[in-house]
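The values are calculated or read from the model by the stated rules, or taken from the named source; none is laboratory data. Not measured: the values here are computed from a predicted model. Cβ placement follows ideal geometry from the backbone for every residue including glycine, while neighbour counts extend to all protein chains displayed.
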Amino acid sequence: MLQHYNNYINGKWVSASSGKRFKSINPADTRKVIGEFPASDKKDVDNAVAAAKKAFEHWRLVPAPKRGEFLFKAAKILEERKEMIGDLVCKEMGKVRHESHGDVQEAIDMGYYMAGEGRRLFGDTVHSELPQKDIKTIRVPLGVFGLITPWNFPTAIPAWKIFPALICGNTVVFKPPSYTPASACELVKCFHDAGIPPGVLNMVHGSGGVVGETIITHPHINGISFTGSSTTGKRIAEACAPRFIKHSLEMGGKNGIIIMDDADLDLAVDGCVWAGFGTTGQRCTAGSRVIVHKKVYDAFLKKFVTAVKKLRLGNGMDKNTDVGPLISAESVEKVKRYMTIARENDKVAILCGGKIPSDPKLKHGYFFQPTILINVQSHHRVAQEEIFGPVVAVLKANDLNEAITIANDVQYGLSSAIFTKDLRNAHLAARELQTGIVYINASTIGAEIHTPFGGIKNTGNGHREAGGQGGALETYTEIKVINVDYSGKIQKAQGIEWGK
Ligand code: NAP
């Protein structure tokens, strides 16, 4: 029986006004359809925005700790359903089962964390330069937030946006990605079952070109939070600029891992395998470039290729699988295209992988062999462009300075790592690497939800997601300064004696 999912507008599950539908399928076995979803258009977005706009008038006045109680309940329901939703993420997105469950766990963690923020949401109390005057700052919501997410974290990334947007008092119109809409529905159901008031959270399925475009250009949307490619992010920035609305953009990555000559090579290999091939390389923080000190280049490569050749491709639901499928036929084509670029344009060698696997058991899925490219130089396209697949480019460096220069020589700036036993190398790298996140003796992936997450250069536009200093609360609130003067006089700052 094909499962039918719907939009969620004003507290009700509704189909698209056009009645049209699209399907999502299992990328490990494309014969398996996950479900059918409304192919929405402008009218559906208009309905969702109108519901969110109306709900904002009441939601913004619900005390934040009370808002937190709704979010806590939603997180608890999500936790109770973790097994079921985790398996769905595995089937719909393709990442291996324990990673899929980790995706849901990240959403749960964010739910509990942001629910707690309802009892904080602190502002400042500030001493005035004038007598008998108090100043305080408070956080106020913006209004209706449009949230647009990618498919590679089907529950975690929506949760990273929905929970903080709501705790701050905004209402939401959420557009899930077209490849993983069922996982998004299960997340939204948790809010519905937690009793979130109608209109506070709305979800509209459909394409980026129609539903996404309508959201980013809608006159009653007050802010956008987007995670996805830099190309789409640029379009969103252009759409938001004429109305000067806030837009938080989290975009691509081409993350470098430096292996120094004093590194623990076994540890470094473990870190590079996880960074390069976890989630089939489809993470914004994937370690897609490894920059190795010339003295340990051969030794590292030998261990690295041995480990990568052991990785088992397969359906993520199979416990023996290490690497699942890519998301789509287009992704397989893209990775294949980069193999041609590697051979013909960049003229680099493919040390292992480089092909669609021949195993007949995998013929119904979007699989590609874990691939290592060697003799890569920094200007090569395979070292510059985000491939978003199981492909790692290995580069050689003469010393730490050159390794850092190579690591920084890309348009992106999300995550980076260094493996070294030398404290000086570690600290110098941490200071010089141009990324939002740096790891010492760890992989480039695995951010924790209570630390600010995001990048610089073409990865981000200055906002951060998740918790901590400069994190999501900054995105989803404006600061209002409230001045209370109890002197009974019109006092003037800066010593002005006007009218005397
Ligand atoms: P994408 O093609 O940019 O799509 C992301 C979302 O934007 C999808 O929901 C998509 O809808 C929608 N969209 C597409 N065109 C739009 C438009 N004109 N207006 C509004 N929305 C539009 O990216 P993706 O392929 O899903 O995700 C992979 C990318 O995300 C990679 O570059 C990866 O590095 C990045 N990423 C970044 C982070 C981070 O935190 N920095 C985290 C994860 C992923 P459809 O699905 O309907 O096309």
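Residue-by-condition table, conditions (1) assigned by TED's automatic domain parsing to the domain that holds E385; (2) surrounded by 13 or more Cβ atoms within 10 Å (Cβ to Cβ):
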| residue | (1), (2) |
| --- | --- |
| R431 | yes, no |
| T451 | no, yes |
| E478 | no, yes |
| Q494 | no, no |
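When only residues in the range 464-484 that are not in a strand (DSSP E or B) and not small (G, A, S) count, which is modelled with the lowest pLDDT?
From the range 464-484, those not in a strand (DSSP E or B) are 464, 466-476; that's our starting set.
Add one more test, that the residue is not small (G, A, S), and what stays is 464, 469, 473-476.
Values: R464: 97, Q469: 91, L473: 98, E474: 97, T475: 98, Y476: 98.
Only one residue fits best here, namely Q469.
Do you know which of the residues in the range 447-460 that are touching a residue at least 24 places away in the same chain (Cβ under 8 Å) and closer than 27 Å to Y112 by Cα is farthest from the ligand (Cβ to nearest atom)?
Restricting attention to the range 447-460, the residues satisfying the condition of being touching a residue at least 24 places away in the same chain (Cβ under 8 Å) are 447, 449-450, 453-460.
Imposing the further condition that a residue be closer than 27 Å to Y112 by Cα reduces the set to 447, 449-450, 453-455, 460.
Values: A447: 9, I449: 13, H450: 16, F453: 7, G454: 7, G455: 6, G460: 7 Å.
Among those that are touching a residue at least 24 places away in the same chain (Cβ under 8 Å) and closer than 27 Å to Y112 by Cα, it is H450.
Of the residues I245, I221, I216, which single one is on the phi < 0 side of the Ramachandran plot, more than 16 Å from the chain's Cα centre (by Cα), within 7 Å of the ligand (Cβ to nearest atom) and among the hydrophobic types (A, V, I, L, M, F, W, C)? Show your work before the answer.
Working: I245 fails: within 7 Å of the ligand (Cβ to nearest atom); I221 fails: within 7 Å of the ligand (Cβ to nearest atom).
Matching residue, one of I245, I221, I216: I216.
Could you identify the single residue in G271, G324, G253 that is out of contact with any strand residue (DSSP E or B) (no Cβ under 7 Å at 6 or more places or on another chain), surrounded by 24 or more Cβ atoms within 10 Å (Cβ to Cβ) and in contact (Cβ under 8 Å) with a residue 40 or more places away in the chain?
On the way: G271 fails: out of contact with any strand residue (DSSP E or B) (no Cβ under 7 Å at 6 or more places or on another chain); G253 fails: out of contact with any strand residue (DSSP E or B) (no Cβ under 7 Å at 6 or more places or on another chain).
Exactly one residue qualifies, and that residue is G324.
Can you pull out every residue in the range 1-35 that is free of Cβ contacts under 8 Å to residues at least 24 places away in the same chain, over 20 Å from F174 (Cα atoms) and buried (at least 19 other Cβ atoms within 10 Å of the Cβ)?
none
Mind listing whichever residues of the range 384-407 are touching a residue at least 40 places away in the same chain (Cβ under 8 Å), surrounded by fewer than 24 Cβ atoms within 10 Å (Cβ to Cβ) and part of a helix (DSSP H, G or I)?
If the condition is that a residue be touching a residue at least 40 places away in the same chain (Cβ under 8 Å), surrounded by fewer than 24 Cβ atoms within 10 Å (Cβ to Cβ) and part of a helix (DSSP H, G or I), then Q384, L400, I404, I406 are the ones that fit.
Check D318, D261 and return the single one that is assigned to a loop (DSSP other than H, G, I, E, B), more than 16 Å from the ligand (Cβ to nearest atom) and touching a His at 6+ places or on another chain (Cβ under 6 Å). Step through it out loud before you land on a result.
On the way: D318 fails: touching a His at 6+ places or on another chain (Cβ under 6 Å).
Only one candidate passes the filter, namely D261.
Could you list, in sequence order, all residues of the range 347-362 that are surrounded by fewer than 20 Cβ atoms within 10 Å (Cβ to Cβ), more than 30 Å from the chain's Cα centre (by Cα) and not small (G, A, S)?
The first filter runs over the range 347-362 and keeps only residues surrounded by fewer than 20 Cβ atoms within 10 Å (Cβ to Cβ), leaving 347, 349-352, 355-362.
Next cut, more than 30 Å from the chain's Cα centre (by Cα) only: 347, 349, 351, 358-361.
Listed by number, the residues that qualify are K347, L351, D359, P360, K361.
Any idea which of E99, E80 is without any contact (Cβ under 8 Å) to a residue 12 or more places away in the chain and within 30 Å of I167 (Cα to Cα)?
On the way: E99 fails: without any contact (Cβ under 8 Å) to a residue 12 or more places away in the chain.
Unique residue meeting the criteria: E80.
Within the bounds of the range 159-170, is there any residue that is within 16 Å of the ligand (Cβ to nearest atom), crowded, with 24+ Cβ neighbours inside 10 Å and at positive phi?
The answer is no, given that none of the residues of the range 159-170 is within 16 Å of the ligand (Cβ to nearest atom), crowded, with 24+ Cβ neighbours inside 10 Å and at positive phi.
In the range 171-182, what count of residues is obtained for those that are more than 16 Å from the ligand (Cβ to nearest atom) and either within 20 Å of M93 (Cβ to Cβ) or not assigned by TED's automatic domain parsing to the domain that holds K66 (or both)? Break it down into steps so the answer makes sense when it comes.
Of the residues in the range 171-182, the ones more than 16 Å from the ligand (Cβ to nearest atom) are 171.
Keeping just the survivors that are either within 20 Å of M93 (Cβ to Cβ) or not assigned by TED's automatic domain parsing to the domain that holds K66 (or both) gives none.
So the answer is 0.
Would it be correct to say that L2 is on the phi < 0 side of the Ramachandran plot and modelled with pLDDT under 95?
Details: on the phi < 0 side of the Ramachandran plot: yes; modelled with pLDDT under 95: yes.
Yes, satisfied.
Within the range 481-500, take every residue that is out of contact with any Pro (no Cβ under 7 Å at 6 or more places or on another chain) and among the small types (G, A, S) and give me the one that is nearest to I135 (Cα to Cα).
Just the residues of the range 481-500 that are out of contact with any Pro (no Cβ under 7 Å at 6 or more places or on another chain), to begin with: 481-486, 488-500.
Going one step further and asking which of them are among the small types (G, A, S), we end up with 488, 493, 495, 499.
Working: G488: 16, A493: 13, G495: 18, G499: 25 Å.
Across the range 481-500, the extreme among qualifying residues is A493.
Within the range 56-72, how many residues are part of a helix (DSSP H, G or I) and in contact with a Phe, Trp or Tyr (Cβ under 9 Å, 6 or more places away or on another chain)? Outline the logic, then answer.
Let us first name the residues in the range 56-72 that are part of a helix (DSSP H, G or I), namely 56-59, 64-72.
Of the ones still in play, those that are also in contact with a Phe, Trp or Tyr (Cβ under 9 Å, 6 or more places away or on another chain) are 67, 70-72.
Number of matching residues: 4.
Within the range 224-233, restricting attention to residues that are among the β-branched types (V, I, T) and touching a strand residue (DSSP E or B) at 6+ places or on another chain (Cβ under 9 Å), which residue is farthest from the ligand (Cβ to nearest atom)?
We begin by selecting, within the range 224-233, every residue among the β-branched types (V, I, T); these are 224, 227, 231-232.
Checking the rest, the ones that are also touching a strand residue (DSSP E or B) at 6+ places or on another chain (Cβ under 9 Å) come to 224, 227, 232.
On the way: I224: 9, T227: 5, T232: 3 Å.
Step by step, filter the range 224-233, then rank; the result is I224.
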